1. List the residues whose amide H sits under 5 Å from the amide H of Arg144, counting only those 5 or more places along or on another chain, with H placed 1.01 Å from N in the peptide plane.
2. Considering all projection directions equally, how large on average is the shadow of the alpha-carbon convex hull of region 61-204, in square nanometres?
3. Which of the trypsin sites (Lys or Arg not before Pro) across region 89-180 are loop residues per DSSP, with 12 or fewer other Cβ within 10 Å?
4. Multiplying the sequence separation of Asp162 and His72 by 0.36 nm and subtracting their Cα-Cα distance, what value in nm do you get?
5. Step by step: find N for region 135-204, compute 2.2 N^0.38 Å, then divide the Cα radius of gyration by it. What's the final number?
6. Could you compute the net charge surrounding Val138? Neighbours are other residues with a C-beta less than 12 Å from the C-beta of Val138; K and R count +1, D and E count -1.
Amino acid sequence: MVLAALAVAVLFSLATAALRWLSARPWTVAAVLLAAAAVFAAWAWRRTEAARWDQVRASGLRYVLGQLDGLHHREFEFAVRDLMRRDGCADARQVGGRGDNGADVKATDPYGRRWVIQCKHRKDGWSGKPVGTPDLHVLNGTGRQVHHGDVLVMLTNGRITDNAAQFAKSQRLHLVDRHLLAEWAGGSRPLWDLLRALPPTGRA
């Protein structure tokens, strides 16, 4: 108890002495504050510039199909995430992996719609195994109930069977096959401008 009181007394004495020293040197205080303000301003400017250049780089992001075909399936998911960010989905993130419940990329577009994208990468592109109806079952079962998505997308650099296309239409699922992917990844239009029958607001 005595030691604690002594420590408080010492700290109070040091604080008092410091305040007296500073009050006798107002220009020193002003110089320190100005220096701190300059450091903060420089940090804020660098951060703003970095964000601006990130946006500039993202706005020019393009992929050709050959690049996408050569990616690992996980890299393919990150590429889709980056394309969504390019189009204005600042919160786009890659979530694919074990236990992903059918979602590889999730994002919110500028209109408030929540996107859930399942990616199917095919090393052989159009010649690879097509995406069939069974591939859509998980997305259809979890996209809205688990991930609360408004726009559910199956995206592949390959092809999609006719049966899967019919099933997707009946369940309000959206499909991006090799041809549409080429148009999106290699162009400048956002994905919501290329798909039809999207919900007009953030509610499906």
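1. Gly149
2. 7.5 nm²
3. Arg98
4. 29.7 nm
5. Normalised Cα radius of gyration, region 135-204: 1.10.
6. -2
Only the coordinates and a few stated rules stand behind these numbers; no lab work does. This one's a predicted model, so the numbers in the text were calculated from it and none came from an experiment. Heads up, the Cβs are rebuilt from the backbone with ideal geometry, glycines too, and the neighbour counts pull from every protein chain shown.
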